[in-house]
Amino acid sequence: MQLHRFLLVSTTVLSLFLGGCSRQEGPAADKAVKREVSVQTVAAEGKGFAVGALMSANAVYVFFDPQCPHCGHLWQASLPLHKKVKFVWIPVAWINASSLSQGAALLTSANPLALMSEHETSLLAGRGGIAASSSVSSEVEQTIKTNTKLLGSFGAESVPFVVFKNATTGQTISRDGAMTTAALAQFAGVDVSP
């Protein structure tokens with residue numbers, strides 16, 4: 001009985017950790033016509049900030065909502081891979097009003113690596129993330145709305161939503177939900193050993 005309870009609690013905790021945040025609101029039209037997910041489309045139409053191995057030929061694209069704790073877990077899992085992988089974090093606004101303002105602050109930051117780390121640490125500690133001005137330029141607001149619409153056009157229903165091109169096969173691979181560092185390394189096709 002006690003083992004059964006332990007397994008049930010462990011499974012629930014793991015699913016919460018490796019899950020994703022679902023879209024809370026927004027027009028159904030965003031998902032009306034589903035497009036095929038392609039790295040070329042994401043690279044051409046999505047706007048985000050790059051961190052990690054910036055000279056890497058391949059990038060791992062991550063659609064994220066700044067209010068999503070699962071995105072925060074994926075951010076933390078990505079940190080040990082920054083010397084080997086280029087990540088492009090693309091903010092969307094799905095969860096609440098803070099999503100847009102925090103996404104704008106991260107997108108326009110002179111040092112997005114430091115600000116994102118500060119933000120995710122605060123968010124995962126239950127403090128809501130960074131304080132961000134609700135006054136967002138129309139250009140940046142439109143960028144985040146375009147990112148959000150792009151994500152919806154793929155039929156994605158939760159964030160984080162990760163897109164990568166397999167260097168060996170050339171195939172675009174996508175998945176939603178957080179991953180451990182080891183799973184993310186395997187997804188990106190890199191070795192995690194030092």
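Observations on the model:
- Only listed residue being modelled with pLDDT under 95 and of a type in the set (A, V, I, L, M), chosen from 107, 113, 184: 184
- All conditions in (1) aliphatic (A, V, I, L, M); (2) within 19 Å of residue 69 (Cβ to Cβ); (3) under 14 Å from the mean Cα position of the chain (by Cα) hold for residue 125, with the sole exception of (3).
- The one condition in (1) modelled with pLDDT of 95 or more; (2) under 15 Å from the mean Cα position of the chain (by Cα) that residue 94 fails to fulfil: (1)
For (1) at pLDDT 55 or above; (2) acidic (Asp, Glu); (3) in a helix (DSSP H, G or I); (4) exposed (fewer than 10 other Cβ atoms within 10 Å of the Cβ), each residue gets a yes or a no:
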| position | (1), (2), (3), (4) |
| --- | --- |
| 6 | no, no, yes, no |
| 12 | no, no, yes, no |
| 16 | no, no, yes, no |
| 26 | no, no, no, no |
| 34 | yes, no, no, no |
| 56 | yes, no, no, no |
| 61 | yes, no, no, no |
| 76 | yes, no, yes, no |
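- Some residue of the stretch 105-119 being charged (D, E, K, R) and crowded, with 19+ Cβ neighbours inside 10 Å: no
- Meets criteria (without any contact (Cβ under 8 Å) to a residue 12 or more places away in the chain and assigned to a helix (DSSP H, G or I)) for residue 186: yes
The values are calculated or read from the model by the stated rules, or taken from the named source; none is laboratory data. Fair warning: this is a prediction, and the values are worked out from it, not measured in the lab. Note: ideal-geometry Cβ built from the backbone for every residue, glycine included; neighbour counts use all protein chains shown.
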